[in-house]
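What follows draws every value from the coordinates through simple rules; no lab data is involved. Note that the structure is a prediction, hence the values are computed from the model and not measured. FYI the Cβ positions are ideal-geometry reconstructions off the backbone, even for glycines, and counts take in every protein chain you see.
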Amino acid sequence: MKSLSKLALLFAALTLVAARAAQPDPAYSEPFRPQFHFSPPQAWMNDPNGMVYFDGEYHLFYQYNPYANVWGPMHWGHAVSPDLVHWDNLPIALFPDRHGTIFSGSAVVDRDDTTGFGTKESPPLVAMFTYHDHLAEKLGRTDFQTQGIAYSTNRGRDWTKYAGNPVIPNPGSRDFRDPKLIWYAPTHSWIVTLAVHDHVAFYSSPDLKTWTHESDFGRDLGAHGGTWECPDLLDMPDAAAGGADAGTHRAVLLVSINPGGPNGGSATQYFIGRFDGHRFSAEPQRPGDATAHWLDYGTDDYAGSTWSGGKGGDERQLFLGWMSNWQYGNAVPTTRWRSAMTIPRELRLVAGARGPELHSIPVAELAALRAVSTNIAGAVTRRVELIPPAGGATGLWELELKLETRKAAMVELSFANAAGEQTVFRLNAREQRYELDRSKSGAVDFNPVFSALQTAPLPARAATVRIHAYVDRSSVELFLDDGATVFTTIVFPGAPYDKIVLSADRDIAIASGTVHALRSIWGP
């Protein structure tokens, strides 16, 4: 009887554990909490860091203040995913030490064990990050930012800081940060790209420990309305090449800037050119080109970076950004937590009318979240309400829509709820621009600039416009014409958006469309 009682108690305990595991995490049931975007269980988060794929896992580290829901002493938080969609939270990876707090950086798989931290059979993960010495800053010094490294030999679960830190001393700039590592095979060396106030600097190393300055780029190119941050140097197939040049590659350099974005505050620009292992050369500006080319015209995609170490056979450039803006990031109306990441995206170099362009589209893995899909009937109309499928009232859905705008001068797509709160996307042909209006989106009074209209140039009038939208509890992400123009915006409606209204000042045609109700990544 005694053994039977123990078995009964054990069975009851296991049943209770299983029941709890089947329930959504209560930390992810708070108002405005994203349901298919990554956000930390609690406290403050900003830039994605150390993004690397290794041994079946996508690692996401991030700027983290575990003590409050506003920016503060930076650590590296940590999560992993098998599929870029579902995330497991892990303990904090990197803590401040005598050199300073841990600002942004990157991570790589040291497959040839150039560092000696592991073996070729069991290569280490190596992270490079910026040390920020707040005491030195307060004492008036300019060299308070340096670069350090750490390594892990157990799949990123534990990290050891290198005894020889810092590995790159400060050259005399108050802004010297955000190292992004790549392996450059032609010279058999590591390259790190660093943001240095108003430009980027390239350094090379044989072993991630000793570094040589190679060159600088950007003082007289691109947008300079603020400080340059979080650079990322990519090698991408040249979509514009043909004939004998087919199969060649171009270099793409991402650079975040704060402030100075196209719609205020922080944003990410890009440059296309060549990198020879020593210097980056941007292609000459073409007639009619803007000074800067923007990855996202929405106000809430910043400090983004790409994953290194890709899965075998997967050549995609996979990107993730911080879904907020330094104009109001510390003040958004969430309590236990603040900030989320964008949905992961694939970056593509595409042949455009004026040459190569960088487009971004949602990763294919997100299709796994589709619970119910409903096709939208083709129609010629001036107004139609597109009802989400069953489950759409949860405010989690994806919209795919192909429109023929015909002679309409104004087309509006509204994401709304019964309280009249709405986020409105417009195609404004009169002003030759796209518009995103969140002035009536819900809570907007926490910051005076939050309601400002967001705009992007309208490309040459095409017969059709393709819209791909993702709507979560507190965000709307719009990908237009296969990612040629992107708007990412956070919103704070009092209730989930549960209807879509399409309207125009003249007849337009719905060529095709689908609405997908999505599942939460935090539920059972």
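For Cα pairs less than 8 Å apart in space and 6+ apart in sequence, what is the mean separation divided by the residue count of the chain, i.e. the relative contact order in percent?
It rounds to 14 percent for the chain.
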Worksheet item: Looking at this model, which pairs from Lys209/Lys311; Lys138/Lys440; Lys311/Lys499; Lys180/Lys402 are more than 31 angstrom apart at the alpha-carbon?
Response: Lys138/Lys440; Lys311/Lys499; Lys180/Lys402
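Could you estimate the translational diffusion coefficient of the stretch 71-175 from the Stokes-Einstein equation, with Rh from the Kirkwood formula over C-alpha pairs, at 10 °C and 1.306 mPa s, in whole µm²/s?
Rounded, D is 107 µm²/s.
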Discussion item. Using each residue's phi in the stretch 399-408, evaluate 6.51 cos²θ - 1.76 cosθ + 1.60 at θ = phi - 60° and report the 3J(HN,Hα) Karplus result to the nearest Hz, with x for Gly and Pro.
Written reply: 10, 10, 9, 10, 10, 9, 7, 6, 9, 5
Worksheet, complete the sentence: Once both label points are put 7 Å beyond Cα along the C-beta direction, the Ser373-Asp143 separation in nm becomes 5.9 nm
Practice prompt. Hey, could you grab the Kirkwood Rh for the chain? Inverse mean 1/r over distinct alpha carbon pairs, Å, one decimal.
Written response: 24.2 Å
Worksheet item: If you place +1 on the Cβ of every Lys and Arg, -1 on the Cβ of every Asp and Glu, and leave all else neutral, what size is the dipole of the stretch 43-362 about its Cα centre, to the nearest 20 Debye?
Response: 500 debye
Response to the item:
Fewest-first ordering of Tyr62, Tyr470, Tyr28 by Cβ atoms within 10 Å yields Tyr28, Tyr470, Tyr62
Worksheet item: Residue-wise, which Karplus ³J(HN,Hα) couplings in Hz belong to the stretch 418-432, taking 6.51 cos²θ - 1.76 cosθ + 1.60, θ = phi - 60°, and x for glycine or proline?
Response: 5, 7, x, 6, 7, 10, 10, 9, 10, 9, 9, 6, 5, 8, 6
Worksheet entry | Net charge of neighbours whose Cβ lies under 12 Å from the Cβ of Thr488, counting Lys and Arg as +1 and Asp and Glu as -1 | -3
Fill in: For the chain, calculated [θ]222 nm from helices alone, where every DSSP H run of n ≥ 4 adds -39500 (n - 2.57)
-1500 deg cm²/dmol
Response to the item:
Where a ≥ b ≥ c are root eigenvalues of the Cα gyration tensor, a/c under 1.5 meaning rounded, otherwise prolate if a/b exceeds b/c and oblate otherwise, the stretch 370-518 counts as oblate
Item to complete: Please find the FRET efficiency linking Arg316 to His293, where r is the Cβ-Cβ separation and R0 is fixed at 22 Å, and quote it to the nearest 0.05.
Response: 0.60
Worksheet item: Between Asp507 and Thr248, 0.36 nm times their residue separation minus their Cα-Cα distance comes to what?
Response: 88.8 nm
